[in-house]
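Q: Sending over a structure as structure tokens; questions will come in a sec.
The values are calculated or read from the model by the stated rules, or taken from the named source; none is laboratory data. All values reported here derive from a predicted model rather than from experimental measurement. Neighbour counts are summed over all protein chains in view; Cβ atoms, including those assigned to glycine, are modelled from backbone coordinates with ideal geometry.
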Amino acid sequence: MSERQLQQDRGNARLKFLDRYVGIPAVQGLGVWRRLRGRRAVPATLDTIGLIKTAGIGDTVLLTGVIHDVRVKYPDARIILFVSANNAGFGALVDDADAVTVLPVRKIARAVRMIRAERCDLLIDFGACPRFDALLAGLSGAGCTVGMRTAGQHRDAAYDIVVDHTSAHEIENYRALSAAAGIPSDSQPALTRGPTSAPEGAPPYAVLHLWPGGANFEERSWPLERWRELAQALNDRGDDVVLTGGPGDVPASAGLVDAWSAAGIRVRSAAGIKPEEALGLLRQAVGVVSVNTGVMHVAAAVGAPVVALNGPTSGTRWGPVGSHTRCVASPMIPEGYLDLGWERDDRYRDCMKVITLATVLEVWDDLMTEAADGARETGG
């Protein structure tokens, strides 16, 4: 599937309409059948465990710690991660899954057949909003299903075990689902693939990720002039700058490299590189500054120091999880206002613009000191 198709699927009005106005009654219908059948407990023996996460690179990364704990609890079980084309690239890099199955979001009958073919003893749906995921779980034929009840989403009727979605950090919601299935989880997200060391003699570099994914793109973006000033300041501190992004960000990133290079800034673009290459690039960076998006979570999961810029997104609920991370909040709305990610509030359309360069550099310098102290303590 092309990058254009992926973007269309993420914000496709028709798919959203069908998910709500067809998905809700379909899930409720399955709920009637579930009530007649009765709730089922987690089977005593688990040979095959299915995990559904069909959207979000960052969400998939957050889930890696839970998947690891599932593997520790059931070392001999077959663990299958069900994803979509949206997050398949990074889903394929999850260490503890035996298989990653890409479900077609436009072909629900085929998706159901793919899940049923795996004959899961336990199926956990980690989605908070899509009825598509809940419908797949209800039709999966699994021995027991676990999923979230999210206020206003009407997606929980068909699960055997239901966990309320809360305003805690999303990783805690994932851990609550796992715990409800009898699998305690406290492991941190981690991605271990990709290069672990930089080429000999390579100059130190900082990674900047300018491009938010999903809805509210403009509202979640920091001004380009601020990014240019940050790149110059990082050069002054001795670090080159690398810009990251998806395939769709390649032209814009290349344009910035041309303009900034002409102004004397040491910068290059790595936009569009393969996911496994991105892991190595982020791991070897002295640090990463990113808007709150999937790459931010990837960077934290490979152990890079991360500064996350948060406007409408709450760092408390969606911030990076790692050993050296910081969140810079907008003074206009320090805890953000997004709940499920697609809401809009025009009062805060300029919330990212009030984050100052001075604030970001102060946080960056503090984080670099912390990371250096940590490396000395561990002998790194």
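Q: Would you call VAL112 part of a helix (DSSP H, G or I), β-branched (Val, Ile, Thr) and over 21 Å from GLY322 (Cβ atoms)?
A: So VAL112 fits the description; yes.
Q: Still on this structure: Out of (1) surrounded by 23 or more Cβ atoms within 10 Å (Cβ to Cβ); (2) out of contact with any strand residue (DSSP E or B) (no Cβ under 8 Å at 6 or more places or on another chain); (3) in a helix (DSSP H, G or I), what's the single condition that is false for ALA372?
A: Among (1) surrounded by 23 or more Cβ atoms within 10 Å (Cβ to Cβ); (2) out of contact with any strand residue (DSSP E or B) (no Cβ under 8 Å at 6 or more places or on another chain); (3) in a helix (DSSP H, G or I), the lone unmet condition for ALA372 is (1).
Q: Exactly one condition in (1) within 16 Å of the chain's Cα centre (by Cα); (2) buried (at least 24 other Cβ atoms within 10 Å of the Cβ); (3) not in a strand (DSSP E or B) is false for PRO312; which is it?
A: Unmet condition: (1).
Q: Let me ask you something else. Tell me yes or no: at least one residue of the stretch 90-106 is assigned by TED's automatic domain parsing to the domain that holds HIS165 and over 30 Å from VAL302 (Cα atoms).
A: Yes, the stretch 90-106 has at least one match.
Q: For the stretch 136-166: of the residues being part of a loop (DSSP other than H, G, I, E, B) and β-branched (Val, Ile, Thr), which is surrounded by the fewest Cβ atoms within 10 Å (Cβ to Cβ)?
A: THR166
Q: Pick from VAL307, VAL298: which is under 15 Å from the mean Cα position of the chain (by Cα), in the same structural domain as ASP350 (by TED's automatic domain parsing) and either hydrophobic (A, V, I, L, M, F, W, C) or crowded, with 24+ Cβ neighbours inside 10 Å (or both)?
A: Among VAL307, VAL298, only VAL298 is under 15 Å from the mean Cα position of the chain (by Cα), in the same structural domain as ASP350 (by TED's automatic domain parsing) and either hydrophobic (A, V, I, L, M, F, W, C) or crowded, with 24+ Cβ neighbours inside 10 Å (or both).
Q: Quick check on my filter: what residues within the stretch 324-362 are among the hydrophobic types (A, V, I, L, M, F, W, C), farther than 17 Å from LEU210 by Cβ and part of a helix (DSSP H, G or I)?
A: Result: VAL354, ALA358.
Q: For the stretch 257-315, which residues satisfy the criterion of being within 18 Å of GLU229 (Cβ to Cβ), touching a residue at least 40 places away in the same chain (Cβ under 8 Å) and of a type in the set (A, V, I, L, M, F, W, C)?
A: VAL288, VAL289, VAL291, VAL307, LEU309
Q: Within the stretch 65-81, is there a residue that is over 17 Å from the mean Cα position of the chain (by Cα), acidic (Asp, Glu) and modelled with pLDDT under 95?
A: Checking the stretch 65-81: not a single residue is over 17 Å from the mean Cα position of the chain (by Cα), acidic (Asp, Glu) and modelled with pLDDT under 95.
Q: Can you tell me which condition LEU36 does not meet? The list is (1) modelled with pLDDT under 95; (2) in contact with an Asp or Glu (Cβ under 7 Å, 6 or more places away or on another chain); (3) over 21 Å from VAL163 (Cβ atoms), and all the others hold.
A: (2)
Q: So, in the stretch 197-220, how many residues would count as being modelled with pLDDT of 95 or more and exposed (fewer than 15 other Cβ atoms within 10 Å of the Cβ)?
A: Counting residues in the stretch 197-220 that are modelled with pLDDT of 95 or more and exposed (fewer than 15 other Cβ atoms within 10 Å of the Cβ) gives 1.
Q: Within the stretch 113-121, can one find any residue that is within 26 Å of GLY315 (Cβ to Cβ) and either basic (Lys, Arg) or modelled with pLDDT of 95 or more (or both)?
A: No.
Q: Moving to a separate point now. Could you please give the count of residues in the stretch 95-110 that are at pLDDT 95 or above and closer than 26 Å to GLY65 by Cβ?
A: The qualifying residues number 8.
Q: Let me ask something else. Give me the residue from the stretch 96-130 that is under 19 Å from the mean Cα position of the chain (by Cα) and not aliphatic (A, V, I, L, M) and, out of that set, farthest from ILE80 (Cα to Cα).
A: Per the stated criteria, the residue is CYS129.
Q: Which one is farthest from the chain's Cα centre (by Cα) among residues in the stretch 315-334 that are aliphatic (A, V, I, L, M) and over 19 Å from ASN87 (Cβ atoms)?
A: MET332
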